[in-house]
Structures are given as structure tokens and as C-alpha cells.
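What follows is a set of notes on a single structure, which appears directly below.
The values are calculated or read from the model by the stated rules, or taken from the named source; none is laboratory data. Model, not experiment: these values are computed from the prediction. Don't worry about glycine lacking a Cβ; one is built from the backbone with ideal geometry, like all the others, and counts go over all protein chains shown. Please note that ligands, DNA and RNA were not included when accessible areas were found on the heavy atoms of the full protein model with its side chains. Shrake-Rupley method; radii C 1.70, N 1.55, O 1.52, S 1.80 Å.
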Amino acid sequence: MFSQPISVLIIDDDRQDRLTLIHYLSRHNEQNYQIFEASSGKKALETLTTVKVDGVILDFHLSDMNGIEFLQKLQNHFFYSNFAVIILTEFGNESVAMEAIKNGAQDYLIKENLTQESLQKSLYLAVGRVKLRRELEKSEQKFRGTFEQAAVGIYHINLVGQFVRLNQKFSQITGYFSEEIKQKTIEEIIFYEDFPKYQRQIQRLLNHETQTLRLEQRLLRGDGLIIWINITVSIINKKDGSPDYLLGIVEEIQERKQTEIKLKKANHKLKQIVGQLAKQNQERTLLSRVSQFLQSCNSIEEAYKILADLIQPLFSDCSLGIYQLNEQQTFATLVSSSGDFLNSKKEFRFSECWALRQGKAHYNDINHSQLFCPHVETNLMTRATLCYPIVAQGKTLGILHISATDQTKLTPQTENLAKTVSDYLTLSLANLKLRQDLKNQSIRDSLTGLYNRRHLYEFLDKEISKAQRHKSNIGIILIDIDHFKKINDIAIDRLVRTHKLYFKGTGNREQGTEKCPNSFGDCYNYNHGFGDVVLRDMGEFLSNNIRESDIACRYGGEEFILIFPHANLENTHKRAEVLRKKIKRLHFRFQQHHLDSVTVSIGVANFPRHGLTGEDAIHYADLALFEAKKQGRDRTVIYTEELSDNSKD
């Protein structure tokens, strides 16, 4: 029963029949009725305009119209599905009943068979159906409104992908009219690259592996544009549990996706920038380390030995070598290397390197194998090489050679880094060479290349301290070239005889029978040039005939001094004699003139046997030298105490 009273309009032109019907309804104990009456169809239509009823009991045969006509008028004036209509007739007529039902009647009853129970039951069922239909219509209307006005695209497709239903938003997203898209399948509007993924996920859905799937897919619009969508798909099942159709909810995410792509690109670019900055910072740190090491080196030779290992971290997964050019700049020699696959000769001619010949960097890879430098030992491992000249103050010192077995590790862009490294090396090596030159100038004699007196006493003081700690000896040899002034005089005499010149003390010249091609200055320079040759060659000879632990110094004029650490007096004397005899066999040449023999006088002393200081030991060696000259020169004399006594006399 209904909780609220049921309002009923009874339409019958027979008053007695109306009363009977009212009587039937009023005797119901559980359901209350609100009853309205009308004696004709016209009055009934007027009543329906003023009152709202749940049901109408209509006599088929009215005085002004029959039941079918009344139903048709209801269709014209009212949305009659808001109330139930039950037709009453005197006689049963199946065709009339069918026509009445077709025109909106809920039931058809025959008066002679009518009872209170049948009337109440028919009215209850008819009103219930109408109320249910009304609720369904409201629900459908609400759903339709929600479906059509939704802010997202909604569609229904059958199991083969054909569109069954879709809302306006979905049409807007896809760029198709509703009727157009119903002629297509889901496969035709999803971007072809993304459809296989969509298919796989739908199959998982149909296999009950998941209840709902969510995907970000690209969609091909009707205007040809490709846009990104977020799609959520669920299965709608039949009553028996089998799949009926698929419900899809679509949201356009093109703007968000473009923002994500831009953000991704920006992040990628940022990572590249950060990576480049980190790499540059690492390179600066490594270059600073290279510079610090080079500044700590004592010689260019020492610097060359460590360069390759210092530079290696800057060129990861590459092998590199440092080559030094000889003074004539005809040959390059490997002085430092690092890595397992250098793929270059240890020594090669200047002409075998394109970088040296062109005076600039030369990069090459396996794609142009004929352009590898001739010094590169090409094989299956060699993929790319780079040669970069090391130039200081306009002079090429050598090259930086880099080789890689992976072409990606050594590209033309590496040339910029190689240039930076070369600039660092150039500056560092130039500074090191300048320091070395300045140091050499301060401790070496410029003519002979031997150490000077300043370095002699510094070295001797250190060696004496060592000798005192270890209770060892130091041998001291003082050498003087015999008749050095005569060597110059002989040279002048030869030049004079050759050119038939003679000189007066004023420096003027008088010509002989032939004109002299040389000026007086030329002859004077020749004189001193020959003496310089003897001193220079003597210095070179002494440097080449002493141990690494010994030193040779120019003591002054034509005098030289040798210091032999850890040498006793006997060994020092033997070595002095060997040197004297070798010097006697030396030949000296200057331009087209030569000197066949030079003799020397040598004085030998020993620390601590002959003095407890370096100055004392040198003094005693000088006394021995004086004695050697006194005895006739070209000999070696060991210091004895008698020599000191003689000097006092």
C-alpha cells in the first residue's frame, strides 16, 4: 500500500455507477483515497486542469465521447503518463482493449466482472507502474543531463569498438560530430602508435585482471591534430555477468602534456648545463692541479715525465702521449704517456704529423682513415685521434697526442679542451723554462756551461756536512790550462801570417802585398774566439767525464775545479791523471783553424785530510796546482805539508 492517499478521478455519465465505484474504494481499510467525479469527458478534462490525480477510472461509453477519443485528447492536452488510466466497459472487446492500451491506458476492466478487490488491485498496480515509470523517467532525465553536461567526455562502445553513445564533450574533444563518430571505431581515433598498448590493457580488463584501466594516450582528432587524452575505461556487465559494453571517460590533457614536455626538455637542458658546469669545474680543478705540479717541478724534463698522468683524467677513456721536439725540430720523441692504446710511434719525424706541419690541431676519425697522421699506428682499435701542438713564445716545443678506441670519447669538440690544456702547458712550461734559465744563469758559467763559484761553495758546504755525518772523504781537483795566453797568441800569429798582416800597439793596421779581407775587429774576435772554443770544449769534456754525483765548475779564467764526493785521495789522484791524459789528446777547431794539443796542470787535495773547511781544501789544491806548474806543467801534484812550508818561504 502507498503511505500517501491516492487521488482518483472517476469519469462516468451514470451517477449510480460512480457511486458504486466510490463505494468500492472507500471500503479499503489500508489505503486512503481522495476521490474526484466527472460526468462527461469535457468536465473531466476541465477537472484535470485544476487538480493533480494519481489515477483515472474511465467509462468507455460517455455521452460526449468514447474512451479512445478521451485518451487521444489527453495526449493533446496533458502528459498523461503522470497518472494511470483504467478503462471500464460493459462488454469485453479485445480490439477495443488493445486500442486503449496503445493510447495510454494502464488496464481494461469489464463492469459486470468488476469487484471491489479487482478494482482496488488494478488501481494499485496501475498507479504503482506509473509512479515507477515516473521515477525512472526522472532518473533517466537526471542521467541524461549529467551525461550531456559533464565536464569530461563520456562514451559507450560495444565489444568490437563501435561507438554506441557519447556526450557533447566527447565530440568536442575528438573534433567529430556525434553522427560522424558513431560511424567510426575506437581504433580509428586513437593514434596508431598508442593503440597496441590500449588493446593490451583492454584485454586485461576483459580477462578480469583489472576492474578499471587508466591510460594516457594520443588521439587523432577529426581536424587531423594529435592531442593527448587521459582515458578511464570500465566494463558494464549484463544481468548474467557477461560484458555488455565499455564505458569510457575522457579528459583532454594536451596543455598539461605540453607543459610536461616543456618541463622535461627544460630539466634535460638544466641537467646538461649542470653537467657542463660540473665538467668545467672538474676541468678547472684538474688544470689547477696540473699547474700546481708543473710549478713544483725543478726542470722541464721532470715536468714532461709527469704530464701525461696529470692530463689523463681530463680525457677519460682515452690514451695520450706528450712528445718533445729536438732542438733542430726534426724529430719528436715520446717523453710521457698514459693509457693502454696510444697507437702512435715513440719517435717520428716532424713531417709525419699533420699538426706539426700545419701548426694547428689535427683531429681525425675512422670515417676518414686516410687522414690519420703517418705516425699513428692504425688498427682495428683506433677510432679517433687528436694532435695538438704545444707552442711557447712562437717556438713549437712538442705535441699533445690523444687517441681513443671509442669515437664518442674523442670528438671535434674535444679540440677546445685540448686547446685549453695546451695553453696551460705552454704557460707553465714557459714559466718553468724561464725559472730554469734564470737559475742556470745564476749558478752556471755562460761560456762553458759548468757551474760557477757561487754554486761551487753551496755544493761543497752541503757535501762537507754529509761527509762529516758519514765520516767520508771528498776529492778536490783544481785544473789550469797550460800556456793559455800562448794559445791566443798562436792563434793571432796564424791569422796574421795567413792574411799577411801585422799590428801595432795602437790597433791600426798596415796592409801587405795583398789586401786583408778582415778588419782589425775581426782578427781580435778571432783571437778571443779561439780561446773561448778551448774553454767551451774543455767544459763539455769535463761534464761528460765525471759521475752524476760529481760536479765540475769554472773556477776563474782558464781554471776549473772538480768535486768528487765519497772519493779518497788515491782514487782522486788516479782520476785526475786519467783526465789529464785524455785532455792532452783533445783537438780544438775554430772555423778553418785547429789546435792539436793542450796540456793542463792539476792540483789534488782531500777533505778532511787537507783542511776541515771547503775553503781550506780548495786552498791546498791550489798550492798543489802551483807546484805542478813550478815543476814544469803537464802533470798532477798531490798536496803535501811541504808545499805549505814552501809557500811561506
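Estimated from the Cβ-Cβ distance and a Förster radius of 41 angstrom, the FRET efficiency linking THR330 and LEU612 is about 0.20. Rounded to the nearest percent, how much of the accessible area of the chain (1.4 Å probe, protein heavy atoms only) is carbon and sulfur? Of the solvent-accessible surface of the chain, carbon and sulfur hold 49 percent. So for region 398-452, considering every pair of alpha-carbon atoms, how many percent are separated by more than 12 Å? Taking all Cα-Cα pairs of region 398-452, the fraction more than 12 Å apart is 73 percent. A 1.4 Å probe run over the protein chains yields, for the chain, 56 Å² of accessible area per residue, whole-number rounding.
Give, to the nearest whole percent, the P(r) tail of region 49-101 beyond 19 angstrom, counting all Cα pairs. More than 19 Å apart: 24 percent of the Cα pairs in region 49-101. Here the simple spin-label model places points 7 Å from the Cα toward Cβ, and for VAL274 and ASP244 these points are separated by 5.3 nm.
Measuring spread by the Cα atoms of region 182-322 yields a radius of gyration and Dmax of 29.7, 96 Å. Taking 7 Å steps out from each Cα toward its Cβ at GLN292 and ILE110 produces label points 11.9 nm apart.
Could you pull out the pairs from LYS486/LYS582; LYS197/LYS238; LYS305/LYS395; LYS486/LYS629; LYS279/LYS409 whose alpha carbons sit more than 23 Å apart here? Those over the limit are LYS197/LYS238.
For PHE91 and ARG133, what is the calculated FRET efficiency with R₀ set at 45 Å and r taken between the beta-carbons, to the nearest 0.05? The computed FRET efficiency comes out at 0.90. Dipole orientation for the chain: of the candidates GLN72, LEU58, GLN468, GLN468 has the Cα lying most toward the positive pole (charges on Cβ; Lys, Arg +1; Asp, Glu -1). Only DSSP H runs of four or more residues enter the estimate; each adds -39500 (n - 2.57), and after division by the residues of the chain the mean residue ellipticity at 222 nm equals -14500 deg cm²/dmol. Sparsely packed loop sites in region 301-334 (the GluC sites (Glu not before Pro) outside DSSP H, G, I, E and B with at most 10 other Cβ atoms within 10 Å) comprise GLU327.
Among GLN292, VAL598, HIS375, whose Cα lies farthest out toward the positive end of the dipole of the chain, if unit charges sit on the beta carbon of Lys, Arg (+1) and Asp, Glu (-1)? Highest projection toward the positive end goes to VAL598. Straight-line cross-link reach from LYS73 at under 24 Å between alpha-carbon atoms covers these lysines, not counting any fewer than eight positions away in the same chain: LYS42, LYS43, LYS52, LYS102, LYS111, LYS131.
If we count chymotrypsin sites (Phe, Trp or Tyr not before Pro) as exposed when they sit in a DSSP loop and have at most 11 other beta carbons within 10 Å, what is the longest stretch of the chain that avoids them all?
With a cap of 11 other Cβ atoms within 10 Å, the longest stretch comes to 193-649.
Applying the Kirkwood pairwise sum to the alpha-carbon positions of region 360-402 produces a hydrodynamic radius of 11.2 angstrom. Quotient of the Cα radius of gyration of region 214-254 and 2.2 N^0.38 Å, N being its number of residues: 1.50. So for region 263-365, taking the charge dipole from beta-carbon charges (+1 Lys/Arg, -1 Asp/Glu), which of GLN329, LEU263, GLY359 sits furthest toward the positive end? In region 263-365, that residue is LEU263. In terms of Cα atoms, the Rg and Dmax of region 567-649 work out to 14.9, 49 Å. Across region 87-93, coupling constants 3J(HN,Hα) worked out from phi with the 6.51/-1.76/1.60 Karplus curve, θ = phi - 60°, read 8, 10, 9, 6, 10, x, 9 Hz, and Gly and Pro carry x. Across the chain, the mean sequence separation of Cα contacts (distance under 8 Å, 6 or more residues apart), normalised by length, yields a relative contact order of 6 percent. I want to verify the translational diffusion coefficient of the chain in µm²/s; compute it with Stokes-Einstein, Rh as the Kirkwood radius over Cα pairs, at 10 °C and 1.306 mPa s. In µm²/s, the coefficient is 41. Plainly put, region 541-610 has a radius of gyration that is 1.01 times its Kirkwood radius, both from alpha-carbon atoms, as the Rg/Rh ratio. Once the Kirkwood radius over Cα pairs is known for region 104-218, the Stokes-Einstein relation at 4 °C and 1.567 mPa s delivers a diffusion coefficient of 71 µm²/s.
Packing order of peptides 256-267, 564-575, highest average first: 564-575, 256-267 (average count of other Cβ atoms within 10 Å over each peptide's residues).
Above 21 angstrom, tally the Cα pairs of region 298-414 and express them as a % of all pairs, no decimals. Mind dumping the intermediate values first?
Working: 2077 of 6786 pairs.
The proportion of pairs with Cα distances above 21 Å equals 31 percent.
Dipole check for region 1-101: with +1 at the C-beta of Lys and Arg, -1 at the C-beta of Asp and Glu, and the Cα centre as origin, the magnitude is about 360 Debye. Restricting attention to the chain, close to 80% of DSSP beta bridges with both partner residues there are antiparallel.
The trypsin sites (Lys or Arg not before Pro) of region 34-77 meeting both criteria, a DSSP state outside H, G, I, E and B (loop) and at most 10 other C-beta atoms within 10 angstrom of the site's C-beta, are LYS52. The ellipsoid that matches the Cα gyration tensor of region 182-234 has semi-axes, each √(5λ) in whole angstrom, of 21, 11, 9, with the longest given first.
In region 81-171, the alpha-carbon atoms span a convex hull of 143 Å³ per residue. Shape analysis of region 386-425 based on the Cα gyration tensor places the equivalent ellipsoid semi-axes at 22, 10, 6 Å, largest first.
Computed from the C-beta positions of GLN468 and LYS574 and an R0 of 30 Å, the FRET efficiency is 0.75 to the nearest 0.05. Averaging 1/r across all pairs of distinct Cα atoms in region 397-488 and inverting the result yields a Kirkwood radius of 18.7 Å.
Extension gain for THR599-THR259 works out to 113.0 nm (0.36 nm per residue, less the C-alpha to C-alpha distance). Each residue was assigned an accessible area with a 1.4 Å probe, and for THR146 the value is about 90 Å². Only Lys, Arg, Asp and Glu carry charge here, each on its Cβ (+1 for the first two, -1 for the last two); on that basis the chain has a dipole of about 2600 debye about its Cα centre.
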